[in-house]
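Notes for the one structure printed next.
Please treat every number below as a calculation from the coordinates, not as lab data. All of these numbers come straight from a predicted model, not from anything done at the bench. In this analysis, Cβ positions are derived from the backbone assuming ideal geometry, glycine residues included, and neighbour counts consider all displayed protein chains.
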Amino acid sequence: MGEPSFGVLGPLQVRVKGVPIRLGGPKPRAILATLLLQPGSFVSLDLLTEVLWPGGAPRSAVANVRTYVRALRRTLSEAGINADGLSTRPSGYALDVAPHDLDLLLFEQRLERARAERDDGDHATALRAYESALDLWRGGVLQDVPSSVVWDPAITRAEGVRSAAIDECLDVRLRMGDYAPLVAELRSRLAEDPLREDLWQMLVRALHSSGRTLEARSAYADAERTLAAELGIEPGPSLRSTGEEVNGYVSRRRTTSPAPVCQLPIDVPDFTGRADEIAVLEGLLSAAGRQPVVAALSGPPGSGKSTLAVHVAHRVRPAFPDGQLFVDLDGMSRRPREPADVLAELLRGLGVIDSAIPGDLSERASLFRSRLAQRRFLIVLDDAAGSAQVRSLLPGTGGSAVIVSSRRRMPGLPAHHLPMGMMRHDEARALFATIVGPDRLRMEEADADRVLACCGSLPLAVRIAGARLVNRPGWTVGALADFLSDERGRLDQLHTGELEVRASAELSYRHLPAQAATAFRAFGLLADDAVAGWMVAVAMGRSEGVAGELETLADEHLVEVSGTDRLGLQRYRMHDLLRCYARELSEADDAGLRLQRRLEVVDTLTVLARCANSAMPTHFLGILGEPTRPAGPAVAIAPSVRARPVEWFETERRILVAAVESTLRLGHVSRAADLAIELAGFFDLRGYYGDWLRTHRLVLDAAPAPSDRQAAALLRNLGQLHLYQDRYTDALASFDTSRALFAGLGNLSGEAVAAVGAGSVYRVLNDLDAALDTFVTALRGFDKAGDRHGETVAHNAIASVWLERRDPDAAAPWLDCALELSREVGDRHREAQVRRRIAVLHELRGEPHVAQAELERALGIFDELADAHCAAYVQQSIGELLLRQGDASQASALLVDALAVQQQLGDRRAEARVACLLGELHHATGRDRTARRYFHRSLSTWRRLEACGQAELVEAKLRSLR
């Protein structure tokens with residue numbers, strides 16, 4: 001088998017038939033490195049931006065990333081590597097690589113084979129497989145690429161796997177009796193890490209087994225001295241036993257000692273999941289030696305902190321031969337335990353009699369540290385109230401370890417902090433199956449997933465739900481899921497015996513200061529999503545921010561900081577079950593006040609949406625509301641919204657859509673309509689057609705018979721969406737109704753906007769006379785209304801009809817005027833649209849290079865504006881142009897990228913056209929099998945669209961391949 005094409009285990013490399021390929025500058029190399037560290041996985045634009053510009057990205061970052069990816073795809077394609085594996089996803093990319101084509105995957109594949117051979121007892125084959133895997137390493141991971149914190153987890157994991165593989169390979173050599181190279185390798189490894197008892201033990205065994213007994217005894221003596229000097233400990237039982245065997249006697253220092261104390265509570269017999277957390281904890285605790293290790297577990301109520309702490313403590317007991325101590329600190333009780341009382345209990349566990357325990361806190365702490373200095377104890381401190389309660393309970397030196405669990409964050413504690421979130425879905429499923437039985441779960445998988453969704457994968461909730469089913473054999477899983485689906489009664493269902501989710505949440509809530517408690521209840525009025533602090537402030541009725549209250553909630557793990565949004569604001573998320581409790585509490589407040597707070601949130605969102613629309617990089621061809629001055633907490637963020645309007649819309653999209661829906665449920669249709677209208681321009685820019693259709697359809701269905709400006713604007717927007725998605729009859733009906741409503745209201749600009757939409761439908765349906773008449777009528781309307789943006793659109797639209805008639809001379813003056821107007825009004829998006837038409841004009845005149853230059857300018861503008869939809873259309877146009885010029889390689893890369901975007905956006909007509917073009921391209925380059933696949937894809941799409949003429953053309957192309 002030849003070398004893999006891609007290499008990250010050392011300097012970054014790409015090779016074709018053993019020949020290295022030059023990748024270009026540092027940024028394309030960094031993008032490829034990021035994709036290769038996560039092969040086959042989605043890598044977001046945000047992540048790539050962080051890699052390329054760790055100190056802060058420029059405004060053109062998204063456009064630049066797309067340019068680098070296009071260049072990378074072109075380089076790979078020109079080198080003979082199939083660039084189809086570099087696929088475009090929504091807001092990111094993925095690189096699919098076969099295991100034999102990437103050294104990292106090939107290493108893992110060979111290592112897995114080596115371990116299988118080792119487990120089967122075939123040591124000779126296993127050794128060859130280990131060496132084959134390790135030979136793939138050419139140095140440190142990506143050692144010639146500037147490092148990025150984004151890569152650290154993947155690199156650390158890879159280096160850790162490599163280190164484990166080396167150790168396993170050494171062990172296989174030992175079993176085989178391959179002593180000479182083994183001894184040299186072990187001495188080299190111990191020079192780097194002299195505190196590894198397992199390596200010392202292998203060295204002593206290898207020397208002894210090869211007849212070098214004196215050297216083996218010397219090596220054991222070196223191990224004793226090193227461990228005593230560095231860690232202040234004797235060798236552990238395993239290494240000591242090997243030393244005794246080599247020396248031929250039992251160590252005189254071994255003395256009979258009493259059985260170690262073990263105060264750990266019973267381990268949960270059906271403990272399930274938390275594999276990642278267990279691995280991290282065990283890794284930390286295994287490092288205890290030269291100095292103590294403290295691991296602090298914190299998380300929301302019911303997340304299983306105590307259960308995990310006890311479970312891990314049982315697993316690592318052998319590593320702490322002197323004993324294990326456990327104390328419940330009662331942190332969430334009304335009277336948390338005093339540190340002095342806890343120290344007295346711990347000292348008794350260490351064998352100190354009552355009369356020898358000092359009375360002063362500091363003296364007790366000093367004695368406690370002294371007792372632990374030369375011993376290896378594991379101490380579990382459960383349910384801590386905070387850092388102050390725990391700090392005096394920690395060892396100072398020696399090889400002991402401490403696990404602390406708390407609902408509160410304890411940043412002041414000198415510890416490794418492990419925040420615990422919810423269980424992964426697969427782990428929650430496994431826990432549920434363990435409780436109710438795998439057969440029951442297997443028969444009702446879909447209903448079980450509904451139960452887990454209602455539990456939010458909170459371990460306590462999952463355990464309670466499972467216990468309820470076990471105690472009610474007549475219930476089905478579906479019946480429990482139905483009970484839990486009602487949020488209002490969900491907490492009532494989640495209790496059994498002494499376990500209750502509501503009580504667990506209440507325990508944390510009652511410790512909150514008054515304003516933090518108000519902030520907690522405010523989450524019950526908000527959407528189930530991560531929200532910025534200003535929204536919580538509005539829901540509280542505050543005129544300023546609530547950073548302090550939110551920090552308190554985060555410290556108590558009642559909310560979690562889910563990240564920083566595109567405007568640099570922290571986002572806060574509350575678990576579903578805690579939100580149910582917050583909603584219960586908020587419903588105890590005055591009903592009128594609750595409604596007022598909810599409507600204030602909607603009104604603030606609408607005001608900020610208008611702020612954003614006033615600063616959008618594109619001029620939306622629709623009718624929007626007039627911008628109004630923000631008030632309250634929105635004042636502080638309004639400048640950021642105006643500075644980054646698209647990013648704000650993107651950040652709040654889910655919340656904005658949910659606000660339209662919730663406002664309709666409250667019966668305030670006009671407010672919902674105002675907000676939906678403000679969202680259409682953003683949905684158009686980013687291609688969020690599902691949200692666009694849902695918000696507009698819901699509002700129109702809830703409204704009385706359409707008769708006002710809001711209805712006219714909604715129908716115009718809906719017509720545009722129907723046009724994009726090839727529903728031409730619906731589009732024309734919506735445009736005509738909107739046009740009539742605007743005419744009745746005397747709104748000339750609105751009427752003209754609707755007319756442009758109707759004309760576009762006529763043009764697509766090839767009724768060019770009707771299209772031209774309608775566009776000219778729209779131009780007159782825009783002129784009378786003094787709408788210069790509208791005039792730009794109308795001039796461009798009229799030119800498009802003449803281009804369809806293949807009359808570039810007739811189109812030219814209209815395009816000149818459209819370009820001049822777009823520059824005059826500063827509408828760069830419209831300028832790019834005009835340049836697309838100008839490119840068509842130049843191609844009709846037989847000037848393909850001028851046409852391509854115009855298209856490249858248009859693409860640059862769309863990329864800068866982050867308009868993926870329009871950028872895909874331009875890429876398609878460039879690809880078609882290059883294909884007609886015979887440049888198949890570049891055309892293929894552009895068309896594949898355009899096809900992926902069109903598929904994501906649901907533009908089936910464009911998808912069908914591009915698929916057909918790719919079929920033609922592959923047929924022309926002799927790849928008929930690939931061509932047939934693309935032609936079939938195009939044909940099936942045209943048939944779904946009931947476009948018989950287009951389908952027949954593609955069928956003819958397919959027949960020509962036979």
Checklist outcome for this item: Looks like the range 1-176, by Cα gyration tensor root eigenvalues a ≥ b ≥ c and the a/c under 1.5 rounded cutoff (else prolate when a/b is bigger than b/c, oblate otherwise), is prolate
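Between residue 282 and residue 889, what FRET efficiency follows from the Cβ-Cβ distance if R0 is 51 Å, with the result rounded to 0.05? Walk me through the numbers on the way to the answer.
Numbers: r = 52 Å, r/R0 = 1.01.
With a Förster radius of 51 Å, E is 0.50.
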Checklist entry - Label residue 442 and residue 810 with points 7 Å out from Cα along Cα→Cβ: what is the distance between them in nm? => result 7.2 nm
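State the antiparallel share, in %, of DSSP beta bridges confined to the chain, rounding to the nearest 5. Let's see the in-between values first.
Details: 18 of 41 bridges.
Roughly 45 percent of the beta bridges in the chain run antiparallel, per DSSP.
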Checklist entry - Say each of residue 764 and residue 476 gets a label point 7 Å from the Cα, pointing the same way as Cα to Cβ; how far apart are those two points in nm? => result 4.4 nm
Checklist entry - In which sequence would 722, 849 go, from the one with the fewest C-beta neighbours within 10 Å to the one with the most? => result 849, 722
Item to check | Efficiency of FRET from Cβ geometry, residue 47 and residue 16, R₀ 35 Å, rounded to 0.05 | outcome: 0.80
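So, counting K/R as plus one and D/E as minus one, what does the shell of residues with Cβ under 15 Å around residue 607 add up to? Can you show the working numbers first?
Details: positive: 610, 629, 642, 671; negative: 600, 603, 626, 652, 674, 678.
Residues close to residue 607 contribute a combined charge of -2.
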Checklist outcome for this item: When the charge dipole of the chain is computed with +1 at the Cβ of Lys and Arg and -1 at the Cβ of Asp and Glu, the Cα pointing farthest to the positive end, of 158, 430, 893, is that of 158
Item to check | Cα→Cβ-extended label distance, 7 Å offset, between residue 925 and residue 961, nm | outcome: 1.5 nm
Checklist outcome for this item: 1/(1 + (r/R0)^6) with r = Cβ-Cβ of residue 828 and residue 773, R0 = 22 Å, i.e. FRET efficiency to nearest 0.05, evaluates to 0.15
Checklist outcome for this item: Residues meeting the amide H criterion for residue 380 (H placed from the backbone, H to H distance under 5 Å, 5 or more places apart or on another chain) are 325, 326, 327, 403
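Give, in nm to one decimal, the length gained when the segment between residue 599 and residue 152 is fully stretched (0.36 nm per residue of separation minus the Cα-Cα distance).
On the way: separation 447, 0.36 × 447 = 160.92 nm, distance 4.49 nm.
Stretched fully, the residue 599-residue 152 segment lengthens by 156.4 nm.
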Item to check | Sites matching trypsin sites (Lys or Arg not before Pro) across the range 1-53 that sit in DSSP coil, with at most 14 neighbouring C-beta atoms within 10 Å | outcome: 17, 22
Item to check | For residue 572, residues with placed amide H under 5 Å, excluding near neighbours | outcome: 531, 532, 562
Checklist entry - Going by a ≥ b ≥ c, the root eigenvalues of the Cα gyration tensor, does the chain fall in the rounded group (a/c under 1.5), the prolate group (a/b larger than b/c) or the oblate group? => result oblate
Item to check | For the range 518-531, Karplus couplings with θ = phi - 60° (6.51, -1.76, 1.60), whole Hz, Gly/Pro x | outcome: 5, 5, 4, 5, 4, 4, x, 9, 9, 5, 7, 7, 5, 10
Next on the checklist: I need the phi-derived Karplus couplings for the range 800-807: 6.51 cos²θ - 1.76 cosθ + 1.60, θ = phi - 60°, integer Hz, Gly and Pro marked x.
Outcome noted: 5, 5, 5, 5, 4, 7, 6, 10
Item to check | Per-residue [θ]222 nm for the chain (sum of -39500 (n - 2.57) over DSSP H runs n ≥ 4, rounded to 500) | outcome: -20500 deg cm²/dmol
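Order of 768, 136 from fewest to most other C-beta atoms within 10 Å? Working shown, then result.
Details: 768 15, 136 19.
Neighbour counts put them in this order, fewest first: 768, 136.
Hey, what did the range 269-406 get for relative contact order, percent, Cα under 8 Å, at least 6 apart?
Details: 226 pairs, mean separation 51.1, N = 138.
With pairs under 8 Å counted, the relative contact order is 37 percent.
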Checklist outcome for this item: A correct fewest-to-most ranking of 535, 410, 423, 176 by other Cβ atoms within 10 Å would be 176, 410, 423, 535
Item to check | Under Karplus coefficients 6.51, -1.76 and 1.60, residue-wise ³J(HN,Hα) of the range 764-778 in Hz, glycine/proline x | outcome: 5, 7, 6, 8, 6, 5, 5, 4, 5, 4, 5, 5, 5, 4, 4
Item to check | Selected from 385, 852, 838, residue furthest toward positive end of dipole (the chain; charges at beta carbon) | outcome: 852
